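Accompanying notes for the structure given below.
The values are calculated or read from the model by the stated rules, or taken from the named source; none is laboratory data. A quick note: this is a predicted structure, and the numbers were derived from the prediction, not measured. When we count neighbours, we look across all protein chains shown, and the Cβ atoms used for this are built from the backbone with ideal geometry, even at glycine.
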Amino acid sequence: MTTDSAVSSDARADARADAERARAAGSRATEREPARATAATPGFVTRASESIRRVLRGAAAVLSPVIRAVVRALAPVLGVVTPLGWLVLILATAALLLSIGFGWQEFTFLAAVLFAAVVVSVAFLFGRASYGVVVELNPRRVVVGDRALGRMVVTNVGARPLPPTRMELPVGKGVAEFQLPAMKPQAEHEELFAVPTAKRAVIVAGPAESVRGDQLGLLRRALKWADAVDLFVHPRTVRLVPSAAGLVRDLEGQVSNKITNNDIAFHALRPYVPGDDRRYVHWRTSARIGQLMVRQFQETRRSQLTIIHSSRSELYASEAEFELAVSVTASIAAQVIRDGTQMNVVSETGLWKTQTVTSMLDASCRIEPNVDRSETMRSFARGQTRRLPAPSVVMIVAGSQMSTADFRSIQSLFGQDTSQVAFHVVDGADPKISAVAGLTVITIGDLNDLSRLVRGLGG
């Protein structure tokens, strides 16, 4: 009896142990399932997002050409709508939606009136025009402040009379408007206009456009009839007397310390090496010592001027100072070109055209303040002059905010045989000439002082 009770007790204990193991196993399985689901969720999301991106890229690749074609097709139609016209269309659409949504008759009436105005304006766009337009500027090149006049001649080159219309002529940043009368076939109409020349610039006149549109300005169709014409407003310059350019010319023919194999000034003899020009073999000395000897020469300096003009806006205290610096550079360059000396002028925008005085002045009209501060003055000068011939004279032109350290950093780019002059442009300052560690610094505050300062420099 006791034995049976013990067996029964052991069996119940084993059953409880099995049940506990089963529950533990079930709980661990339950814990693993969420873990596997959690681990699978990020991968699913990533694959889904990649699929969506591929679909969107494919749709964009297919739809982009279609959208561009539609935009190109609608551009001529949409281009006739003015900003005021778009505003009217937007208000009309908003009024129509409000009338539909709330049933307000007032907005229905407003939408009808606005849409009707746009529809009526369409009628003013139709009609053909046959104009011949000539735009002339006289003269094509002026100095700041000089008077410049323009002339526009309009001819009806068609076989039918033309109704009155409006002609617009862009001149610089403004637009000149002319009302043309009704014109019979081959009839001409002339209009004169003045061009403002208060500031150095390249002023573009044209192209002339005939304008059709309604009186409210909702729709506008413009046709171009003539090419644009450029007016060059040159900076103010002073003519330097020939002696004022003496620094450059006095260097012509001077002997430098550089040794060369081909020049005029004899220096010494040296042994012959393969490749030497036999014309420079000194036969008498060669026969005496029993070895070929060739002549060496000291290089004769040839005039080569490089003007480095900085147009960085932060180097100038005012617009007047910037214009004064351009005038200083243009005045010196013009005199050097007249003297026939080889010269290069560089600025942040690149190399100026210096074939003639006119081309140089035209190039100066395009110089504008530069706001790029990504490089130092030294790196700017090195980058712009590295491919130019080695100069005998370097002139640096900059404003009052240019430091002496910046001037000297440019000075260090060139050898000791190169004469260097810095023009420190300070609007209204007293003229003076000073020297800083081998660099001649000219302070100039008025363009009229330039001739005297450069003459003193040459002396």
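If we keep just the residues of the range 331-341 that are in contact with a helix residue (DSSP H, G or I) (Cβ under 9 Å, 6 or more places away or on another chain) and not hydroxyl-bearing (Ser, Thr, Tyr), which is surrounded by the most Cβ atoms within 10 Å (Cβ to Cβ)?
This residue is Ile332.
For Ile337, work out the one condition from (1) farther than 16 Å from Leu240 by Cα; (2) touching a strand residue (DSSP E or B) at 6+ places or on another chain (Cβ under 7 Å) it doesn't fulfil.
Every condition holds for Ile337 apart from (1).
Take Thr329 and decide whether it is part of a helix (DSSP H, G or I), of a type in the set (Val, Ile, Thr) and touching a Pro at 6+ places or on another chain (Cβ under 9 Å).
It is true that Thr329 is part of a helix (DSSP H, G or I), of a type in the set (Val, Ile, Thr) and touching a Pro at 6+ places or on another chain (Cβ under 9 Å).
Take residues that are surrounded by 14 or more Cβ atoms within 10 Å (Cβ to Cβ) and within 37 Å of the chain's Cα centre (by Cα) and tell me which of the strands (runs of 3 or more DSSP E) falling wholly in the range 150-219 contain 3 or more.
165-171, 188-195, 201-205, 209-213
Looking at the structure I just gave you, is Gly145 within 30 Å of Arg236 (Cα to Cα) and touching a residue at least 24 places away in the same chain (Cβ under 8 Å)?
yes
Filter the range 180-223 down to the residues that are free of Cβ contacts under 8 Å to residues at least 60 places away in the same chain, in contact with a His (Cβ under 8 Å, 6 or more places away or on another chain) and not hydrophobic (A, V, I, L, M, F, W, C) and list them by number.
Pro181
Within the range 260-296, take every residue that is part of a strand (DSSP E or B) and either modelled with pLDDT of 80 or more or assigned by TED's automatic domain parsing to the domain that holds Gln342 (or both) and give me the one that is surrounded by the fewest Cβ atoms within 10 Å (Cβ to Cβ).
Pro271
Of all residues in the range 309-324, which are surrounded by fewer than 19 Cβ atoms within 10 Å (Cβ to Cβ) and in a helix (DSSP H, G or I)?
Within the range 309-324, Ser313, Glu314, Glu319, Ala320 qualify.
Each row is one residue, and each column tells you yes or no for (1) of a type in the set (Gly, Ala, Ser); (2) under 15 Å from Ser210 (Cβ atoms).
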residue: Pro83; (1), (2): no, no
residue: Gln105; (1), (2): no, no
residue: Phe109; (1), (2): no, no
residue: Gly127; (1), (2): yes, yes
residue: Leu137; (1), (2): no, no
residue: Arg140; (1), (2): no, no
residue: Pro163; (1), (2): no, yes
residue: Gly172; (1), (2): yes, no
residue: Phe178; (1), (2): no, yes
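Would you check if Thr306 is in a strand (DSSP E or B), in contact (Cβ under 8 Å) with a residue 60 or more places away in the chain and buried (at least 22 other Cβ atoms within 10 Å of the Cβ)?
Answer is yes for this residue.
At pLDDT 95 or above, in contact with a helix residue (DSSP H, G or I) (Cβ under 6 Å, 6 or more places away or on another chain), buried (at least 18 other Cβ atoms within 10 Å of the Cβ) and at negative phi: is that true of Ser327 in this structure?
Spelling it out, Ser327 is indeed at pLDDT 95 or above, in contact with a helix residue (DSSP H, G or I) (Cβ under 6 Å, 6 or more places away or on another chain), buried (at least 18 other Cβ atoms within 10 Å of the Cβ) and at negative phi.
Of (1) under 26 Å from Ser318 (Cα atoms); (2) of a type in the set (Gly, Ala, Ser); (3) free of Cβ contacts under 8 Å to residues at least 24 places away in the same chain, Ala398 satisfies all except one. Which?
(3)
Has the range 441-450 got any residue that is assigned to a loop (DSSP other than H, G, I, E, B) and without any contact (Cβ under 8 Å) to a residue 12 or more places away in the chain?
no
Report, by residue number, each residue of the range 359-414 that is of a type in the set (Gly, Ala, Ser) and either outside the structural domain of Ile444 (by TED's automatic domain parsing) or assigned to a helix (DSSP H, G or I) (or both).
Ser359, Ala363, Ser364, Ser379, Ala381, Gly383, Ala405, Ser409 - these are the residues of the range 359-414 that are of a type in the set (Gly, Ala, Ser) and either outside the structural domain of Ile444 (by TED's automatic domain parsing) or assigned to a helix (DSSP H, G or I) (or both).
Which is surrounded by fewer than 14 Cβ atoms within 10 Å (Cβ to Cβ), basic (Lys, Arg) and modelled with pLDDT under 95, of Arg387, Arg408?
Arg387
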